[in-house]
1. Quick one: work out the % antiparallel among DSSP beta bridges in region 231-307, nearest 5.
2. Among all the lysines, which ones have a C-alpha under 24 Å from LYS279's C-alpha, if same-chain residues fewer than 8 places away are not counted?
3. Over region 123-386, what relative contact order in percent results from Cα pairs under 8 Å that are six or more residues apart?
4. At 0.36 nm per residue, minus the direct Cα-Cα distance, what do LYS202 and ARG157 gain on full extension? Give it in nm, one decimal, please.
5. If you take the Cα Rg of region 123-386 and divide it by 2.2 N^0.38 Å, with N the number of residues, what do you get?
6. Straight-line reach from LYS372: which lysines fall under 28 Å, measuring Cα to Cα and dropping same-chain residues less than 8 apart?
7. Mind checking the full-extension length gain between THR235 and ASN308? Use 0.36 nm per residue of separation minus the Cα-Cα distance, one decimal, nm.
8. For region 178-305, compute Rg over Rh where Rg is the Cα radius of gyration and Rh is the Kirkwood radius from the inverse mean 1/r over Cα pairs.
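Rule-based calculations on the coordinates, nothing more; no lab input. Bear in mind that the values here come from a model prediction, so they are computed numbers and not experimental data. All Cβ positions, even for glycine, are placed from backbone atoms using ideal geometry, and neighbour counts span all protein chains on display.
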Amino acid sequence: MRAGRGAALPAAVLAVLAFAVVIAGSYGLMRVQVRETSYQVRQAQAQAIAEAGLEDALNKVMLASNWKTGYPQKNFAGGYYTVSVSTDLEPWITSTGYSASVAVMGRAARTVKAQALFDGLYNFANSTFTVNWLMVAFDSAVNSNPTCRTTDTLPRRNCVFGSHVFANATVATAAGALRIQGNATYATAASTAPAASTVAGKVSLAPSSSTVLVEDGAPFLTQNDNNADRIDPFTAYSTTTMILSVNPTIGNVTLSSGTYYFKGINVTSRTLTIDLTSKDHAVSIYLAGSLYVSPDGHIDCSNNCTTNGGGCRAYNVHIYGQGGSTLTLSGYNDVGDQDNVTYLDLYAPRDKIVINQRMLGRAVGENVTILKPSSYGTSRPLFFFDLQFGFTQSTGVRWVSGSWSESYFRP
């Protein structure tokens, strides 16, 4: 009996050891499960943050189609995201989300990538868009020299349908003939719709107005290319008033590739030449004042219109109005079918724009008016929208189907 009692001690020890092993195993398993749960939570948070960055960037591209800056680090939901935007016309946007940091384990990260597709409208007025003469579209990637007539059935002579117009208030068209080779959309129900006979596409009332942001030029007020290496002759530029003047006293003026900040541009009886020797070169002008081109003055962007040249590409010549002024183009009135020289992106959502000459590019303004100079032939369109531009309507950007991709790393 004593022997039996002595044997119970080892059995009890073994039972305690076995229980301890079970407890230790359960604890280890619990730690693994807790770690895995924490990891999954952090991954889910990182995914949500990455997608938020993607949507943030898409909204920015929607408001300013030429935005390529991205975000080096933007805080969001306890973590942050980084965003990069490609230089493609329809850009690829890559967003990486980082979760909140957890002690020892650090952050989880997930990356999402998708391509933005523009499918909204092209030319925009924050208030009224007035069209008194024919506007058509062309694609400079196919041919930068449209020569169609007002009587042509499109597509013909490098002109196509697609010069759409969106206005928050009214789209007004002159009666008597076709004025818009595209759709016309207005966002104020009380406004009078343009006559269907003046619009080749659809006339529709938008469900809401759109917001287009000014391209802020403040960073370039002091950091610009307003210097003797870029402006020839440099006497055309006043370092005191920051106004560029082109007139008979100064003569013709040439701007080379660069970023400029002017408080006014006056072109009278002479030519302002935009000289871009490479297709990768561009002129960006931040304009905190008026632009005036007289009927006998010209802006010529047709130099180097070759495969590798930068000329004849309006998306390489930007004028970013800063608001409160008027941009008037009245040059090159008496031109022929092939006198395509003024290629411009007039992006001035808080400025008035008056186009009274043959122009190729885009018009975004507070109020936009397309007139017809008396000396301009009745057989020729006046405004040619370049399909290579992005769009500026609030519903005008979406993700390309099948372009979405995801990746992640596990710490």
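1. On the way: 3 of 22 bridges.
Taking every DSSP beta bridge within region 231-307, about 15 percent pair in antiparallel fashion.
2. LYS68
3. On the way: 788 pairs, mean separation 50.9, N = 264.
Across region 123-386, relative contact order equals 19 percent.
4. Numbers: separation 45, 0.36 × 45 = 16.20 nm, distance 2.34 nm.
Between LYS202 and ARG157, full extension yields an extra 13.9 nm.
5. On the way: Rg = 17.8 Å, N = 264, 2.2 N^0.38 = 18.3 Å.
Cα Rg divided by the expected 2.2 N^0.38 Å: 0.97.
6. Reachable lysines: LYS202, LYS263, LYS352.
7. Values: separation 73, 0.36 × 73 = 26.28 nm, distance 3.07 nm.
So the chain would gain 23.2 nm between THR235 and ASN308.
8. 1.11
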